[in-house]
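Since the structure comes first, as structure tokens, the remarks are kept for the end.
The values are calculated or read from the model by the stated rules, or taken from the named source; none is laboratory data. Note that the structure is predicted; figures quoted are calculated from it, not measured. All Cβ positions, even for glycine, are placed from backbone atoms using ideal geometry, and neighbour counts span all protein chains on display. Heads up: the accessible areas ignore ligands, DNA and RNA and are worked out on the full protein's heavy atoms, side chains in. Shrake-Rupley method; radii C 1.70, N 1.55, O 1.52, S 1.80 Å.
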Amino acid sequence: MSTELPPELPPELPKAYDPKAVEPQANAVWTEEKLFHAEPTDPGEPYAIVIPPPNVTAALHLGHALNNTLQDILTRWRRMAGDNAVWMPGTDHAGIATQTVVEKRVLAEEGKRRTEFQRDEFVAKIQTWKDEYERRITEQLKAMGCSCDWDRQAFTMDEPRARAVREAFFQLFKDGLIYRGKRLVNWDPATQTALADDEVEMEEIDGHFYYLRYPLEHAAEINRDGSYLFSYVTVATTRPETMLGDTAIAINPRDPRAAALRGKKVRLPIVNRVIPIIEDDYVVLPDPKSDDPKAQFATGFLKVTPAHDPNDYEIGLRHKLPLINVLAPDGTISDQYGWPKDDVEAGGAEEFLGLDRFEARKAVVEWFKQNNLLENVKPYRHSVGHSYRSHVPIEPYLSDQWYCKVTDDRLAGAALRAIAREQSDSATPSPRRGEGGGEGQGALEEKRSFDSTTRSPLSPTLSPAGRGSKDWEGQLKFFPARYAKTFQSWHENIRDWCISRQLWWGHRIPVWSGSPNEVADTVEAQLNRWASEGKADYQKKPFVHQGDDSGWAARDARGNLLEWFVAVAPGNTGVEQWLEKNGFTQDPDVLDTWFSSGLWPMSTLGWPERTAALEKWNPTHTLCTAREIITLWVGRMVMFNLYFLDRLPFTDVSIHPMVQDGEGRKMSKSLGNGVDPLDIISSHGADAMRFTLAHMTTQTQDVRMPVERDPKSGKNTSPKFDIGRNFCNKVWNAVRFGIMNLSDEATKRRSDEGVDESKWSLADRWIVSRFNRTVAAANEALSNYRFDQYAKTCYDFFWSDLCDWYLEAIKPAMRDEKRAGQTAHVLAAVLDGSLRLMHPMIPFITETIFWKLNEVRPKRGLPGRLECPPSKRLIQAAWPKVGEFAEAAESIFPKLQEVVGAIRNLRNEYKVDPKKSVTVTIIAPAEAARQITENREAVELLGVCVLKQVGPDAKAPAKASRATAAGAEIYVEGLVDEAGEGARLAKRRDEVVKSIGAMEGRVANAAYVAKAPPHLVKQTLDQLAELKAELLKLETALAKLG
RNA sequence: GGGCGGUUAGCUCAGUUGGCUAGAGCAUCUCGUUUACACCGAGAGGGUCAGGGGUUCGAGUCCCUUACCGCCCACCA
């Protein structure tokens, strides 16, 4: 295991950070030493994340980069914190999507359609595509530094996952939760597959309302006196071509014409079918003045086409209407799928056969026109479901499909019970097992913040959700909490899930069907034997529609009620062979992609085997994903995991924003606004990309990333990544500075002594305390999945506190051998701690310079304040603990910063050469004066000045410009522009007067004094006094200027 | 139609239970290449917190309402 480092960094670090020189090296070490790998037997509390498996349709985009950055941050954080952390990687076969891209490519490159190949042959082509993209995706994740346990990489269609799918299907089948249904499905005629409701996208299109006249079989009276006779009814439709399948006309029973038409029939044009007029509340009454566009357009008569419209289907169920399907699966008019031949021929509808649905629409309208039955055509804009894959309009199509009865209480009901109660507006992060108490990292600050809010404290004793019994109830939490509602309402309104897809790429449905005849008894006896052995299970009434319409639905033209469906448990190839020998054939369809991904938190850990990994890491801890698949994916994982294992798949769901371009559009290939993570890694570095992505991961639902084309490379990029690159460069150079000062050579110049806090400067105490605050804030941010706050708190600490102030302040001390020893202790520890703190976010640069720090100064750490337990690799190093704070230093140092700020401000206003020192006099109360004097070196250095006089009795010099800061008067001598000084003082005076006015108003308000918290009132009064004092001095100064 | 986000500086975004003069990065302007860093340093300017109303001593923050942008669900007569 003691592999040595690949090429070391040069002794002298280059001035600019070059990610290309660092990233491959760190990655090589992590891989070589297997530092991403975890075993269930490893020490630490279990912490697992399963990757949302990217589709193998294409390489990863920026959204993936964001998603995986966050997961890696969590994984590395928990790993450093001592958890037994594992991140399970893998990819998804993405049935429809992948098959579609390969079909398109094959058509483009070979000019062949899928149907021109054998199934095996075509699946092999898809497999090749999958291999290519799985490889590329894996490379991308590795380039990003994702610390996935690559030994556990999975694919939704590989052997272990296939076994899980077979097992899950079989169990559900056996438990009566899978059934064959004849239903109207969302049919995509282009790809010829059924789509889930979620896969249908609504698009607004400009269509027409066609008003068609259907002659009555016998003219009807409308008035009692018989003065007016109906000879026809007019229906309004957007889909005239489906009239060939009409089986009724519906009218609202409240319609005044209903009575006259009761029991009447119409003769359907073209086909001459005689169909009844029925009454149904669903029909909208016509009303030209209504706000409802439907009422405006309606005629009061609705053509009912149960086989081609979901609502008509429902009406058909209510009125037991026949179903006549007039379309073929490719969307052409056909008499082969349920339209009786004699019916076609009766009216001479043959001429429409073979027409595409859109051609048929024109032809039907033309026919009505020719026969004077077209009453009107009006333009109508409405939304139409389109396939999310092929983008053609969806056809509601009657077909045989497999369904999973997710409406069962054991599935959707259980998922609903899993949602945390208080998810209405806030959530408490799940405790990590074993965390908490005084030992836990960040305990101090976390307790504080939790105590001061309405949140319940992290409870170290609460058992992990979902181990046995029903302790998973109410344990599923969403971040941000509002997404719990999305999850909830979906499950409340859930419909049974159509799990079969007419595809070749996917898990073939493990059901064999056949129609045993003379040997039925023998077959049944055999099947019953297998059923009792748990090897197979069967259903005998497959065509029976679920529900009270069974009698009606069973009246299928083919009436093949004896078909048997046999589900075979995994690993029983003998049974499968026997079935095939006896005339059974396997279902040609495959399972919906989400069926296998729904098992992901189980299947990646070895289920259905009760592996050690499964028992250790399932439930996993956090699922990190985008909101678009809360229902499609998260919901199904929850249902499956609860059903099969009686525990949650995860306790926390962290939903991150979607990345859009600068105009708020989705990034997509067709728009050309996508950004390739590898391009950013190449131009800015992986750490820079990760930092930027984490930094922009706020709680909103979308984040915008202005996209530009880099003129040099011609690739898309975004200026937003500069922030990450600049920050990495800053980190690099700060450590470079540190290393220069901590090297052997530097060490020789100073006394070798142990850490002695009593010798620390104010800046030392301040920066250590600030570091500890930062650790606490980072813990808080990460615990709440506030990646933006984590990034920002690190950024502010490192850049502002550490670089801008501390590193500048200690420069004199580092040159003074008496003091350099203590300062070096502090500097080394703070740098070390910072690297630990930021490693999850920017792993490459921190890991690499950590090695350098180890080389230059192996022993680091400030006992009790900032511990740095040694580690060869940063990825394995201990996460910082929150040490003690130094309240005094934290209150004094900012005052010095204010004083320095005031001096700098004056210097800048008078355009003093930055190198030139100025002379400063400060009039301040005794205590403040003492603090300034004690730290005069820092003030002088940072303000580039010499402090001439500091004290309550210091004399304001003549010809000096003046400012106030932290209650002190500051005079910079030699800045003589009197007119400018007068203007400046006047400006300040105006500000002060304005503030005084505001505060006096507040104080004069009796209600304010009575009702506002006392400390605020006191604060206002103090400030008022201060401002008044300042005003007095300002006026004196102005008077002097004349 | 139902639900949910968003609207804060030129741009991208923070702003935690209402409480100091509303912040950051980028961009702009001024000064500066001081031995960690010009992927830098010091400083400046820039906001009626979308509009209107309400609650409150006090509203960017809470409530109502309007407008616009976006997402999800439902709906193809």
Residues within the range A:1011-1025 that are exposed (fewer than 14 other Cβ atoms within 10 Å of the Cβ) and within 7 Å of RNA strand B (Cβ to nearest atom), tallied: 5
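One line per residue, one yes/no per condition, for (1) β-branched (V, I, T); (2) within 22 Å of A:L599 (Cα to Cα); (3) buried (at least 24 other Cβ atoms within 10 Å of the Cβ):
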{"position": "A:L35", "(1), (2), (3)": "no, no, no"}
{"position": "A:A48", "(1), (2), (3)": "no, yes, yes"}
{"position": "A:H64", "(1), (2), (3)": "no, yes, no"}
{"position": "A:W77", "(1), (2), (3)": "no, no, no"}
{"position": "A:G82", "(1), (2), (3)": "no, no, no"}
{"position": "A:G90", "(1), (2), (3)": "no, yes, yes"}
Some residue of the range A:206-223 being modelled with pLDDT of 80 or more, assigned to a helix (DSSP H, G or I) and basic (K, R): no
The range A:785-834, residues that are more than 17 Å from A:W766 (Cβ to Cβ), within 14 Å of RNA strand B (Cβ to nearest atom) and either hydroxyl-bearing (S, T, Y) or within 40 Å of the chain's Cα centre (by Cα) (or both): A:Y785, A:R786, A:F787, A:D788, A:Q789, A:Y790, A:A791, A:K792, A:C794, A:Y795
Residues located in the range A:706-739, provided they are closer than 20 Å to A:I842 by Cα and among the aliphatic types (A, V, I, L, M): A:I723, A:V731, A:A734, A:V735, A:I739
Which listed residue is out of contact with any Phe, Trp or Tyr (no Cβ under 8 Å at 6 or more places or on another chain) and either open to solvent by 40 Å² or more (accessible area, probe 1.4 Å) or at pLDDT below 90 (or both), from A:R113, A:R119: A:R113
Yes/no for A:F727 being among the aromatic types (F, W, Y), near RNA strand B (Cβ under 8 Å from one of its atoms) and buried (at least 20 other Cβ atoms within 10 Å of the Cβ): yes
Conditions (1) within 14 Å of RNA strand B (Cβ to nearest atom); (2) crowded, with 24+ Cβ neighbours inside 10 Å: number failed by A:I333: (1)
The range A:631-648, subset crowded, with 19+ Cβ neighbours inside 10 Å and within 17 Å of the chain's Cα centre (by Cα), residue nearest to A:L476 (Cα to Cα): A:V638
Residue in the range A:964-981 that is at pLDDT 85 or above, within 14 Å of RNA strand B (Cβ to nearest atom), within 19 Å of A:K915 (Cα to Cα) and buried (at least 16 other Cβ atoms within 10 Å of the Cβ) present: yes
Enumerated helices (runs of 4 or more DSSP H) restricted to the range A:787-868, each holding at least 3 residues that are under 18 Å from A:M740 (Cα atoms): A:811-815, A:817-838, A:843-856
Failed criterion for A:N272 (all others in (1) among the polar types (S, T, N, Q); (2) surrounded by fewer than 23 Cβ atoms within 10 Å (Cβ to Cβ); (3) touching a residue at least 24 places away in the same chain (Cβ under 8 Å); (4) within 28 Å of A:G385 (Cβ to Cβ) hold): (4)
Residues within the range A:294-344 that are within 46 Å of the chain's Cα centre (by Cα) and assigned to a helix (DSSP H, G or I), tallied: 14
Sole residue being small (G, A, S), open to solvent by less than 30 Å² (accessible area, probe 1.4 Å), more than 20 Å from A:A236 (Cα to Cα) and touching a helix residue (DSSP H, G or I) at 6+ places or on another chain (Cβ under 7 Å), chosen from A:A307, A:A328, A:A360, A:A349: A:A349
Any hit, the range A:920-937, residues being free of Cβ contacts under 8 Å to residues at least 24 places away in the same chain, assigned to a helix (DSSP H, G or I), out of contact with any helix residue (DSSP H, G or I) (no Cβ under 7 Å at 6 or more places or on another chain) and closer than 21 Å to A:L807 by Cα: yes
Filter result for the condition that a residue is open to solvent by 20 Å² or more (accessible area, probe 1.4 Å), polar (S, T, N, Q) and without any contact (Cβ under 8 Å) to a residue 12 or more places away in the chain, over A:Q586, A:Q577: A:Q577
Scan of the range A:360-415 for residues that are out of contact with any Lys or Arg (no Cβ under 9 Å at 6 or more places or on another chain), within 15 Å of RNA strand B (Cβ to nearest atom) and part of a helix (DSSP H, G or I), ordered by number: A:A360, A:V364, A:V365, A:A412
